[in-house]
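Below: one structure, written as structure tokens.
The values are calculated or read from the model by the stated rules, or taken from the named source; none is laboratory data. All of these numbers come straight from a predicted model, not from anything done at the bench. Neighbour counts run over all protein chains shown; Cβ positions are idealised from the backbone, glycine included. In case anyone asks, the SASA skips ligands and DNA or RNA and just uses the protein heavy atoms, side chains included. Shrake-Rupley method; radii C 1.70, N 1.55, O 1.52, S 1.80 Å.
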Amino acid sequence: MGFEKLKEEVWLANKELAESGLVILTWGNVSGVDRDAGVVAIKPSGVDYDDLVPEDIVVLSIDNGEVIEGSLRPSSDTPSHLLLYQEFKSIGGVVHTHSTYATSWAQAGRELPCFGTTHADYFYGPVPLTRNLTLEEIKHEYERNTGKVIVERFLEGDVSPDEVPGVLVPNHGVFSWGKDTMAALETSIVLEEVAKMALYTILLNPQADDIHQALLDKHFLRKHGPGAYYGQEQQ
Ligand SMILES: [Zn+2]
């Protein structure tokens, strides 16, 4: 059985990631999942976005990462993506980038504060920063451990991946996700934009206040959750 539809979707999202300006060279990757089939599809390692065709997308088992379809080696970040799908059961797409503004916050070792409604429309609070990986975690199974510290940060901080669909990894970059690959891509674009706004905010006023809780509630909850009323009803 082929996974043409999933591969096409993941291919398109990777092409759009390249066009979004969030990545340069071959950095960054998008994956998608088919939970009924138990598979994840991801960009191959080190292939130019211009040369990428749907057949290049690698399909693997969500449980053990074994390649099911595809002749190229999957992205080296695959174990991080797999762990996120295994632990965050509701997500359908994952994007990883080193986009400039969001990564600057990560490199500065700072979570991304919620200063305004642009942020609040997508993230119900600050975008968290994980802890540093230990020496052991860097030496062995580095990519899987990157996924592990992300999951740990959400569990220990009692943060829901549905309410905060992104994270910063110190000295590294950004992971974001959504209900499917396109939603994950949109999250990564918004995350970069709000990281840029937040940087200018603290440059202009280092004492700038976080958004008021009532405004955060209003903006996040009118778009997400049972009482959502923003936009058009889903068919
Ligand atoms: Zn990376």
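A few points about this structure:
- What the Cβ-Cβ distance of residue 203 and residue 138 gives, at R0 = 35 Å and to the nearest 0.05, is a FRET efficiency of 0.60.
- Mean accessible surface per residue for the range 38-105, computed with a 1.4 Å probe while every protein chain stays in place, in Å²: 39 Å²
- Model label points for residue 214 and residue 68, set 7 angstrom from Cα along the Cα-to-Cβ axis, are 5.0 nm apart.
- Here residue 197 sits with roughly 80 square angstrom of accessible surface, probe radius 1.4 Å.
- The phi torsions of the range 128-143, fed into the Karplus equation with coefficients 6.51, -1.76 and 1.60 and a -60° offset, translate into couplings of x, 10, 7, 6, 6, 6, 6, 4, 4, 5, 6, 6, 10, 6, 3, 5 Hz, rounded to whole numbers, with Gly and Pro shown as x.
- Model label zone, residue 162; criterion: amide N under 19 Å from point 7 Å along Cα-to-beta-carbon; scope the range 63-88: 84-88
- Shown is the FRET efficiency for residue 55 and residue 117, computed with R0 = 30 Å from the Cβ-Cβ distance and rounded to the nearest 0.05: 0.10.
- Residue 131/residue 48 FRET efficiency (R0 45 Å; Cβ-Cβ; nearest 0.05): 0.85
- Of the chymotrypsin sites (Phe, Trp or Tyr not before Pro) found in the range 134-222, not one falls in a DSSP loop while having at most 11 other beta-carbon atoms within 10 Å.
- Centre separation in Å (Cα based) which lies between the range 130-190 and the range 39-66: 20 Å
- Accessible surface of the range 3-146, 1.4 Å probe: 49 percent of it comes from carbon and sulfur atoms.
- Using the 1.4 Å probe convention, the accessible area of the range 107-235 works out to 56 Å² per residue with neighbouring protein chains retained.
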